[in-house]
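Every number in this text was worked out from the coordinates using simple rules, so none of it is lab data. Here the structure is a predicted model, which means the values were calculated and not measured. Neighbour counts are summed over all protein chains in view; Cβ atoms, including those assigned to glycine, are modelled from backbone coordinates with ideal geometry.
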Amino acid sequence: MRHWFAATALFALACGAGESAQSKMAVASLGGMGGGDDASTHGAVHTVDMVLEDGKYLFKPAQLVIKVGDTVRWVNVSGGPHNVQFHGDQIPTGAAEVLNTSMPNRMGNLSGKLIIQPNETYEIVFANAPTGNYGYTCTPHELLGMNATLTIEP
Ligand SMILES: [Cu+2]
């Protein structure tokens, strides 16, 4: 009964003389609100450089603390190609699903695409990510010790 009443009321409103412009505005504004809740993606942006320095492949900083909703932007500064690959056994419970959903252009499970061009970037927005420590590596340079830890706080 409730739906029937609402639909009838809207219909009556839309058909009311001189009311159509106002009704359209109301509908437009409702539509805008339905565009998605981006509030959790407006956190701080942190930069991590990926470098080859003195013969060592490094994430700089190798330890980074962020808050849920923040963005991390990895930059291919030197020594690329690099990528970001999280270790499945070094992330909080429930994080794998969130990461695989949040990581753009994955080339595999928990593994971001290679960034090849100088200063090319790779970004992850950690919205809805479980808090805790996230160990990750760079697939091409994992055996060369290119590892880092991200800590997500509430
Ligand atoms: Cu690398």
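Close contacts from the range 52-69, counting a first residue that is more than 15 Å from the ligand (Cβ to nearest atom) and a second that is aromatic (Phe, Trp, Tyr), with Cβ to Cβ under 9 Å and a gap of 6+ residues or different chains, come to ILE66/PHE126; LYS67/PHE126; VAL68/PHE126; GLY69/PHE126. Residues that are buried (at least 17 other Cβ atoms within 10 Å of the Cβ) and either among the hydroxyl-bearing types (Ser, Thr, Tyr) or out of contact with any strand residue (DSSP E or B) (no Cβ under 6 Å at 6 or more places or on another chain) (or both) within the range 127-138 comprise ALA127, PRO130, TYR134, TYR136, THR137, listed in sequence order.
Number of residues in the range 79-102 that are within 16 Å of the ligand (Cβ to nearest atom) and out of contact with any Pro (no Cβ under 8 Å at 6 or more places or on another chain): the value is 5.
Count, please, the residues in the range 118-144 that happen to be charged (D, E, K, R), more than 15 Å from the ligand (Cβ to nearest atom) and assigned to a loop (DSSP other than H, G, I, E, B).
The number of residues fulfilling the criteria is 0.
For the range 145-154, a residue qualifies if it is within 16 Å of the ligand (Cβ to nearest atom), assigned to a loop (DSSP other than H, G, I, E, B) and not small (Gly, Ala, Ser), and exactly one does: MET146.
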